[in-house]
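*Asks:* Got a structure for you, questions after.
The values are calculated or read from the model by the stated rules, or taken from the named source; none is laboratory data. Treat the numbers as computed from the prediction; the structure is a model and nothing was measured. A quick note on method: Cβ atoms are made from the backbone with ideal geometry, for glycine too, and the neighbour counts reach across all protein chains shown.
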Amino acid sequence: MEVMEGVPPVINLTEVARTEKEEFEKKVSELIIEFGAENLLACMQCGACASICPLARVGFEWYNKKLIKAILIGMKEELLDDSTPWACVACNRCTEICPRQVSPFEVMFAMRRLMVEELAISTLAIEGDRSLYEHGHAVYMTGREARKKVGLPEKPPTTDSDEKALQELRTILKNTKLAELGLIPME
Amino acid sequence: MSDKDIRIGVYICHCGENIAGAVNINEVAEFAKNLPDVAVVRDYLFMCSDPGQEIIKEDIRKGLVNRVVVAACTPRTHEPIFRRACEDAGLNKYYFEMANIRDQCSWAHWHEKEKATEKAKQLIAAAVAKARLLEPLEDRYVELNKNVMVVGGGIAGIFAALDLANAGFKVYMVEKNPSIGGNMAKLDKTFPTNDCSACILTPLMVEVANHPNVELITYAEVESVDGSVGNFKVKVRKKQTYVDWEKCTGCGACINACPPKARVPDEFNEGLSLRGAIYIQFPQAVPKKAVIDPDACIRCSGRWFGEEPRRTKDGKPILAPCEKACPTGACSRDEPRDPNGELIELNVGSIIVATGYKVMDKKQFKEFSDSPNVITALQMERLITATGPTEGKLIVPSDIPKYLEWKKKVEKGKEAELEARKPKVITFVSCVGSRDNRYHTYCSRVCCMYMLKQAMLLKEKYPELDIYMFFIDVRTPGKDFDEYYMRCRNLGIKIFKGKVGGVQKLPDERLLVKGYDADLGKPVELISDIVVLATAIEPNTDLKDLARKLGINVGAEGFLRERHTKLYPVDTMTEGIFIAGCAQGPKDIPDSVAQAKAAASSAASLLAPGKMKVEPLISEVNPEKCTGCGICVELCPYGAIEMVEYNGKRKSKINETLCKGCGVCAAACPSKAITLHGFTYEQVVAQIRTIAKKGVIEEV
Amino acid sequence: MISETVSETLKEKLKFGLFLGCNIPFNRPDVEQAMRKIFPALNVEIDDLVGQSCCPSWGTMPSVDVVGWCAVAARNLCLGEEKGIDLMAACNSCYGSLNEARHKMLNNPEIMNKVNEILAKIGKKYEGKAKCRHVAWVLYRDVGLEKIKESIKYSLDGLTIAVQPGCHFLWPSEVYPDKEEDPFNPKVLRELCKALGADAPYYTKLIDCCGMGALRSTNPEKSFTLVKEKLECIKEEIDADLIVTTCSSCLIQLDDAQERLRKEGKISFSIPVLHYVQLLALCMGFDPQQVAGICVTPRDEIIKRILESGKR
Ligand SMILES: Cc1cc2nc3c(=O)[nH]c(=O)nc-3n(C[C@H](O)[C@H](O)[C@H](O)COP(=O)(O)OP(=O)(O)OC[C@H]3O[C@@H](n4cnc5c(N)ncnc54)[C@H](O)[C@@H]3O)c2cc1C
Ligand code: SF4
Ligand code: SF4
Ligand code: SF4
Ligand code: SF4
């Protein structure tokens, strides 16, 4: 995906502010804070997080530091189309070194949560959630040759072999945003 | 052993690697051993250290040496140290000579070690040649006048004056404006604690004005300065106020009477409003007295001071509105008044210069348009403060006239609706004229912080305001400063790394701002109602002139120069004159106050003993040799020489309290009648000859 | 038991809930089998935590809803807490997700309350006691290097290992029950490898990300650039015989992506990759087919070498 897509050569801050005020119910920064990045505003744009971010290293445009800046000035539409947050490996090295304890990882993930909330996501992004609901595992395989090969029973002692546990998990999931947003069946 | 028996000790310093890195110390030491009258040669890592000095003292005490040559760094900083060491060990301290083999040798020839070594030898030989001819001298003492003059009544001047006055010194405070207070009086609240500027400043203004040891001389300027430390004679011109301050009670009746036609931009409100030709600088002024600005006065009654009044048909004198309004007769025009005011002369022992700064005008920055809604940060202070032109109501500056109209109507009891526009967007631009080769290369140091302050105050009061701040970078080097910056960020103020390069007027008085954001790596633009320029803090226009009168230096950037950046930060090259506050360079209130207190204590420790030791390195005339030509009199930059009667003839005589030992007269005297002690003709010639002979000392 | 300090854990017999996650039981069951072999042999009891689920992994609940993330994690943690034991994971993602969730719950009562409201619906309550330990830390701190040295039948003398502790073994250090003294120069895995007789030197990119996870699923090309950089560094700087990791994601990435890079002609070397528990199991003499039988980059030679020349 062309990552700077939708961002014009000159950023019109007045337009950004107007859209934020008139078209959104809440400021983007408020949403991101609500979605878990509590220290967002403390970011001073030092760039330390970007210096070690694997995403920045391999050429994603909206890596941690830049994403934070865009959020701070109220950009949203441009960001909702971008896949960078979904590439974040959650390595948390940025969290470890951020001098303002912003936890840029948490911003990346809050952005994911915002995208989910606005259903601005690809089917790929929720495949894991569906599988989690179905089987209790995000990664799930029906073939069991490998297990047999190494001398293990076909089914691991997980929700895979415990129907009651799977139902418990489903109950939990039904009480989360996944169900609220209709991504899994409601109760 | 008699003094005639000369035994010179040569002490060579390595200065760590500073000298030893370029000069072959052993070779130089060997060389020095063979110089005439040299009894001892020693070298050490740091001669100026305690153990280093002890080496010299030990040799003196043991009688091994009775003249000392130290080959090390600069006499400017280190001569006094070694002189004291000699004195401590019982040797007349003027039996000391220094050879600078660091600044002028090892540093200068770092990559030419052989040549540096050769040069060091010659410099040491020259010093030895001089040392052989040194004479013992005795220190002199001069009486000190214990009064102090503080020039400038800003926060720095006020603190300097209060500290000295409390210590029992008489202080004359000379302030050029009608009131003291300076720029701080114009500020709304102050970082980093946001306390109200007037609330903390006004009590201090009153305190200094009422202090029995302080004599306030406002609306006055220094005209000339003569004399030197301990005995300065300062002529001060008290400007003509055109109001009898004895009678003026500061009631303000005259101000309201002064007609609109006579209104000019109000300096205190940074031109955001107008004041009358007769005015009181600001409501909290100390002293609170009116003055008439003769250039603005339109002479309503058709007469000037001392002129006969015009009369009505029935013979009653026609008075000017101000004159008529004044309940005390302070404005009376019956007596003539000298437009030049009054010249007074004051004698003081020390002077503290605390004349502060001015901010750059926005006019120079054409790229930010000529819109009235582009204002300086100091104007912003006036716009948000309760004592400002709008009583702190936030409206766009172009609508201030509308506001004033409205206010007038309301005051007259009329119903009126205020149509002034309230800003929704405010943009701050940093480093306007600072860090800019076209104007000032320096950083103005306080702008980042006051911009953050203004933004914070605005955002806290009007949360719906959109505030955009453009910084080249945010500089917050002070206690609690970065925490202050974080507070701003947490308020949701939008901060950009990059400078605004253009502001263009829109048809509706709003402004199109063109900036850059290094964070996103893109230009940004926005529409703003007000643009605040953090214009540079710069020296007052008359600072150079004042410095010249005082005989002190200004740096390349125009601020007063301190004697030494690190060690003598409030001293000047002229003894007895100290500097404090923004006159020395841009700084905030805490730093201005700290400097003021430092200057006060420096002045106090100088004057407290009542007398002062002066080096005997001054010139003396031998009247027997003087032919009375008088050449020296004109040449002396300190006016220390006069012609006197001596045995019926005209001879020159040097006033030893005024002589600074510059040596101009000694060099110029065609009869060699003047001796500069410590640098006699013979001594200097011996040095020069030695150098000319590449280190060989000639016998005389 | 829930281990607070090492000394405490040593008093009684060690017991942990074996937390499997997803990748290990389905993709790399040889790692699971390795753990099932080594721990009893080291006198560490393991509990199956029957009914455990996905931790939840980063791409699922953590990307949707903080409370949901914590609730799923808390259910897994409850399985241990109910038995009075800590969990133990051989996958960094599980270790990271479970501990970050726990950290959030412990530091934010609002989250904890909401989680327990949800858990109440399935008759559970999480008190914040049970946590997830990392197998590497259990081996290093609880079992101890001495015991490991005693337990091995084959040693790795003469072999050079490139270690890959993996991101979630290190950061954010704040959330983890065990912390490297210097996470930027981690030593636990190196010490564990040295205990087997190998050399485990430092190399420049030791702490750098392997590029697995979301990056790989979002943009494989970009993911491969990262892993290539890392592999080249390992080859050039220490010319390792073997790469050893304590994370199942790193294991898959380094093993699988390496083969792809080779096929595409982007690298020309081949370095076998093992999870530390597999290596230990091999050294303890367990059947290579069972404990290290699944890989893409060939392991046969290195296993042969260990078993032939490493016999003590
Ligand atoms: C917009 C703005 C906001 C600021 N906000 C803050 C803040 O929030 N906190 C903070 O700590 N600092 C702030 N500052 C800095 C602060 O204003 C200065 O640190 C302080 O005023 C310096 O005091 P001063 O006494 O050295 O100089 P000044 O205040 O300039 O006082 C000098 C005085 O000397 C007089 N004078 C000048 N020339 C002569 C002469 N030739 N003869 C006799 N008298 C003379 C002047 O009339 C004046 O009264 C701000 C500055 C600006 C521009
Ligand atoms: S999130 Fe932290 S590390 Fe990243 S730019 Fe902001 S302050 Fe710096
Ligand atoms: S956690 Fe995400 S944003 Fe932070 S450094 Fe890792 S990949 Fe980058
Ligand atoms: S009216 Fe008279 S007393 Fe009042 S301020 Fe004016 S001059 Fe002073
Ligand atoms: S005469 Fe008095 S009232 Fe008239 S302009 Fe002059 S000062 Fe003002």
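Residues checked against (1) away from chain A (no Cβ under 14 Å); (2) over 24 Å from B:Ala386 (Cα atoms); (3) within 16 Å of ligand 4 (Cβ to nearest atom); (4) not hydrophobic (A, V, I, L, M, F, W, C):
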{"site": "B:Gly252", "(1), (2), (3), (4)": "yes, no, yes, yes"}
{"site": "B:Pro259", "(1), (2), (3), (4)": "yes, yes, yes, yes"}
{"site": "B:Pro265", "(1), (2), (3), (4)": "yes, no, no, yes"}
{"site": "B:Gln284", "(1), (2), (3), (4)": "yes, no, yes, yes"}
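*Asks:* In the stretch A:93-145, which residues are of a type in the set (S, T, N, Q) and either more than 16 Å from ligand 2 (Cβ to nearest atom) or assigned to a helix (DSSP H, G or I) (or both)? Please lay out each step first, then the result.
*Replies:* As a first pass, look at the stretch A:93-145 and keep what is of a type in the set (S, T, N, Q): A:95, A:101, A:103, A:122-123, A:131, A:142.
Correct list: A:Thr95, A:Ser122, A:Thr123, A:Ser131, A:Thr142.
*Asks:* Let me ask something else. State yes or no: is B:Asn183 more than 16 Å from ligand 2 (Cβ to nearest atom), touching a residue at least 60 places away in the same chain (Cβ under 8 Å) and under 16 Å from B:Gln284 (Cβ atoms)?
*Replies:* Numbers: more than 16 Å from ligand 2 (Cβ to nearest atom): yes; touching a residue at least 60 places away in the same chain (Cβ under 8 Å): yes; under 16 Å from B:Gln284 (Cβ atoms): yes.
Yes, satisfied.
*Asks:* Go through (1) at positive phi; (2) away from ligand 4 (no atom under 16 Å from the Cβ); (3) within 21 Å of the chain's Cα centre (by Cα) and name the single condition B:Tyr219 misses.
*Replies:* (2)
*Asks:* May I pose another question? Yes or no: the stretch C:83-106 includes at least one residue that is part of a loop (DSSP other than H, G, I, E, B), in contact with a Phe, Trp or Tyr (Cβ under 7 Å, 6 or more places away or on another chain), facing chain A (nearest Cβ under 10 Å) and modelled with pLDDT of 95 or more.
*Replies:* So in the stretch C:83-106, the residues part of a loop (DSSP other than H, G, I, E, B) come out as C:83-85, C:90-91.
Next, from what is left, pick out any that are in contact with a Phe, Trp or Tyr (Cβ under 7 Å, 6 or more places away or on another chain): C:85.
Imposing the further condition that a residue be facing chain A (nearest Cβ under 10 Å) reduces the set to none.
Looking through the stretch C:83-106, none of the residues is part of a loop (DSSP other than H, G, I, E, B), in contact with a Phe, Trp or Tyr (Cβ under 7 Å, 6 or more places away or on another chain), facing chain A (nearest Cβ under 10 Å) and modelled with pLDDT of 95 or more.
*Asks:* Out of A:Lys164, A:Lys148, report the one residue that is facing chain C (nearest Cβ under 8 Å), surrounded by fewer than 20 Cβ atoms within 10 Å (Cβ to Cβ), of a type in the set (Lys, Arg) and outside any loop (DSSP other than H, G, I, E, B).
*Replies:* The conditions single out A:Lys164.
*Asks:* Counting residues that are buried (at least 24 other Cβ atoms within 10 Å of the Cβ), which strands (runs of 3 or more DSSP E) fully inside the stretch B:71-186 reach at least 1?
*Replies:* Working: elements: B:96-100, B:140-143, B:148-151, B:171-175.
Once the strands (runs of 3 or more DSSP E) in the stretch B:71-186 are filtered for at least 1 residues that are buried (at least 24 other Cβ atoms within 10 Å of the Cβ), what remains is B:96-100, B:148-151, B:171-175.
*Asks:* Where the second residue is surrounded by fewer than 16 Cβ atoms within 10 Å (Cβ to Cβ) and the first is basic (Lys, Arg) and lies in the stretch B:328-347, which pairs have Cβ atoms under 9 Å and are six or more apart or on separate chains?
*Replies:* From residues that are basic (Lys, Arg), the pairs are B:Arg333/B:Trp304; B:Arg333/B:Gly306; B:Arg333/B:Glu307; B:Arg337/B:Trp304; B:Arg337/B:Gly306.
*Asks:* Failed condition for C:Leu307, given (1) surrounded by fewer than 20 Cβ atoms within 10 Å (Cβ to Cβ); (2) touching a Lys or Arg at 6+ places or on another chain (Cβ under 7 Å); (3) farther than 20 Å from C:Val163 by Cα, with all others met?
*Replies:* Failed condition: (2).
*Asks:* I would also like to ask the following. Within the stretch A:151-160, restricting attention to residues that are more than 7 Å from every other protein chain (Cβ to nearest Cβ) and under 32 Å from the mean Cα position of the chain (by Cα), which residue is nearest to C:Gly21 (Cα to Cα)?
*Replies:* Of the residues in the stretch A:151-160, the ones more than 7 Å from every other protein chain (Cβ to nearest Cβ) are A:153-155, A:160.
Going one step further and asking which of them are under 32 Å from the mean Cα position of the chain (by Cα), we end up with A:155, A:160.
On the way: A:Lys155: 13, A:Asp160: 11 Å.
Of everything passing the filter in the stretch A:151-160, A:Asp160 is nearest to C:Gly21 (Cα to Cα).
*Asks:* Follow-up. Exactly one condition in (1) among the basic types (Lys, Arg); (2) within 10 Å of chain A (Cβ to nearest Cβ); (3) within 28 Å of B:Cys582 (Cβ to Cβ) is not met by B:Lys499; state its number.
*Replies:* Unmet condition: (2).
*Asks:* Let me ask you something else. Taking the criterion of being crowded, with 18+ Cβ neighbours inside 10 Å, within 16 Å of ligand 1 (Cβ to nearest atom) and at pLDDT 95 or above, would at least one residue in the stretch B:258-268 satisfy it? If you could, list the steps in order and put the result at the bottom.
*Replies:* Going through the stretch B:258-268, the residues crowded, with 18+ Cβ neighbours inside 10 Å turn out to be B:258, B:262, B:266, B:268.
Now narrow it down to the ones that are within 16 Å of ligand 1 (Cβ to nearest atom): B:266, B:268.
If we keep only those that are at pLDDT 95 or above as well, we get B:266, B:268.
Scanning the stretch B:258-268 turns up at least one residue that is crowded, with 18+ Cβ neighbours inside 10 Å, within 16 Å of ligand 1 (Cβ to nearest atom) and at pLDDT 95 or above.
*Asks:* Related question: Going through the stretch C:220-232 one residue at a time, which ones are away from every other protein chain (no Cβ under 13 Å) and within 22 Å of the chain's Cα centre (by Cα)? Break it down into steps so the answer makes sense when it comes.
*Replies:* Going residue by residue through the stretch C:220-232, those that are away from every other protein chain (no Cβ under 13 Å) are C:231-232.
Within the stretch C:220-232, C:Leu231 is the sole residue that qualifies.
Quick grid of which residues meet (1) in contact with a helix residue (DSSP H, G or I) (Cβ under 8 Å, 6 or more places away or on another chain); (2) of a type in the set (Ser, Thr, Tyr); (3) within 14 Å of another protein chain (Cβ to nearest Cβ); (4) more than 16 Å from ligand 3 (Cβ to nearest atom):
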site	(1), (2), (3), (4)
B:Asp295	no, no, no, yes
B:Trp304	no, no, no, yes
B:Thr312	no, yes, no, yes
B:Cys322	yes, no, no, yes
B:Ala325	yes, no, no, yes
B:Glu335	no, no, no, yes
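*Asks:* If I go through the stretch B:643-681 residue by residue, how many of them are among the polar types (S, T, N, Q), crowded, with 18+ Cβ neighbours inside 10 Å and more than 13 Å from B:Pro616 (Cα to Cα)?
*Replies:* Looking only at that region, the number is 1.
*Asks:* Next question. Being under 15 Å from A:Ile71 (Cβ atoms) and more than 11 Å from chain B (Cβ to nearest Cβ) is the filter here, so list the residues in the stretch A:9-27 that pass it. Full working, then the answer.
*Replies:* Keep residues of the stretch A:9-27 that are under 15 Å from A:Ile71 (Cβ atoms), which gives A:11, A:13, A:16-17, A:19-20, A:24, A:26-27.
If the condition is that a residue be under 15 Å from A:Ile71 (Cβ atoms) and more than 11 Å from chain B (Cβ to nearest Cβ), then A:Thr19, A:Phe24, A:Lys26 are the ones that fit.
*Asks:* In addition: So which of A:Leu67, A:Leu72 is crowded, with 19+ Cβ neighbours inside 10 Å, more than 13 Å from ligand 3 (Cβ to nearest atom), closer than 25 Å to B:Asp466 by Cβ and of a type outside the set (Lys, Arg)?
*Replies:* Checking each option against the conditions leaves just A:Leu72.
*Asks:* Within the stretch A:39-58, take every residue that is under 13 Å from A:Cys94 (Cα atoms) and not in a helix (DSSP H, G or I) and give me the one that is nearest to ligand 3 (Cβ to nearest atom).
*Replies:* The residue in question is A:Cys53.
*Asks:* For B:Thr390, state whether it is touching a helix residue (DSSP H, G or I) at 6+ places or on another chain (Cβ under 6 Å) and in the same structural domain as B:Phe428 (by TED's automatic domain parsing). Quick ask: steps written out before the conclusion?
*Replies:* Values: touching a helix residue (DSSP H, G or I) at 6+ places or on another chain (Cβ under 6 Å): yes; in the same structural domain as B:Phe428 (by TED's automatic domain parsing): yes.
For B:Thr390, the condition - touching a helix residue (DSSP H, G or I) at 6+ places or on another chain (Cβ under 6 Å) and in the same structural domain as B:Phe428 (by TED's automatic domain parsing) - is met.
*Asks:* Follow-up question, since we're still on this one. Name the single residue, out of those in the stretch B:58-70 being surrounded by fewer than 17 Cβ atoms within 10 Å (Cβ to Cβ) and not acidic (Asp, Glu), that is nearest to B:Glu87 (Cα to Cα).
*Replies:* Residues of the stretch B:58-70 surrounded by fewer than 17 Cβ atoms within 10 Å (Cβ to Cβ): B:58, B:61-64.
Checking the rest, the ones that are also not acidic (Asp, Glu) come to B:61-64.
Details: B:Arg61: 11, B:Lys62: 14, B:Gly63: 14, B:Leu64: 15 Å.
Across the stretch B:58-70, the extreme among qualifying residues is B:Arg61.
*Asks:* I need the full set of residues from the stretch C:156-175 which are away from every other protein chain (no Cβ under 14 Å) and either at pLDDT below 95 or touching a Pro at 6+ places or on another chain (Cβ under 6 Å) (or both), in order please. Can you show your working first?
*Replies:* Taking the stretch C:156-175 as the starting set, the residues that turn out to be away from every other protein chain (no Cβ under 14 Å) are C:156-163.
Within the stretch C:156-175, C:Asp157, C:Gly158 qualify.
*Asks:* Would you mind listing the strands (runs of 3 or more DSSP E) fully within the stretch B:208-304 where at least 1 residues are basic (Lys, Arg) and more than 16 Å from ligand 5 (Cβ to nearest atom)?
*Replies:* Working: elements: B:214-218, B:220-228, B:231-238.
Counting at least 1 such residues, we get B:231-238.
*Asks:* Taking the stretch C:33-67 only, how many residues are at the interface with chain A (Cβ under 10 Å from one of its Cβ atoms) and either within 30 Å of A:Val116 (Cβ to Cβ) or surrounded by 24 or more Cβ atoms within 10 Å (Cβ to Cβ) (or both)?
*Replies:* Residues meeting the conditions: 20.
*Asks:* Further, regarding this structure: Could you check the stretch C:280-305 and list, in sequence order, the residues that are away from chain A (no Cβ under 14 Å), part of a helix (DSSP H, G or I), within 25 Å of C:Arg260 (Cα to Cα) and in contact with a helix residue (DSSP H, G or I) (Cβ under 8 Å, 6 or more places away or on another chain)?
*Replies:* C:Ile303
*Asks:* Tell me which residues, restricted to the stretch A:28-55, are within 11 Å of chain C (Cβ to nearest Cβ), among the hydrophobic types (A, V, I, L, M, F, W, C) and either within 16 Å of ligand 4 (Cβ to nearest atom) or surrounded by fewer than 22 Cβ atoms within 10 Å (Cβ to Cβ) (or both).
*Replies:* Pass one, the stretch A:28-55, residues within 11 Å of chain C (Cβ to nearest Cβ): A:34-38, A:52-55.
Still in the list and also among the hydrophobic types (A, V, I, L, M, F, W, C): A:35, A:37, A:52-53, A:55.
The one that is within 11 Å of chain C (Cβ to nearest Cβ), among the hydrophobic types (A, V, I, L, M, F, W, C) and either within 16 Å of ligand 4 (Cβ to nearest atom) or surrounded by fewer than 22 Cβ atoms within 10 Å (Cβ to Cβ) (or both): A:Ile52.
*Asks:* Count, please, the residues in the stretch A:66-88 that happen to be assigned to a helix (DSSP H, G or I) and either under 13 Å from A:Glu118 (Cβ atoms) or within 14 Å of chain C (Cβ to nearest Cβ) (or both). First the steps, then the outcome.
*Replies:* We begin by selecting, within the stretch A:66-88, every residue assigned to a helix (DSSP H, G or I); these are A:66-72, A:77-80, A:84-87.
Still in the running and either under 13 Å from A:Glu118 (Cβ atoms) or within 14 Å of chain C (Cβ to nearest Cβ) (or both): A:77, A:79-80, A:84-87.
Final tally of qualifying residues: 7.
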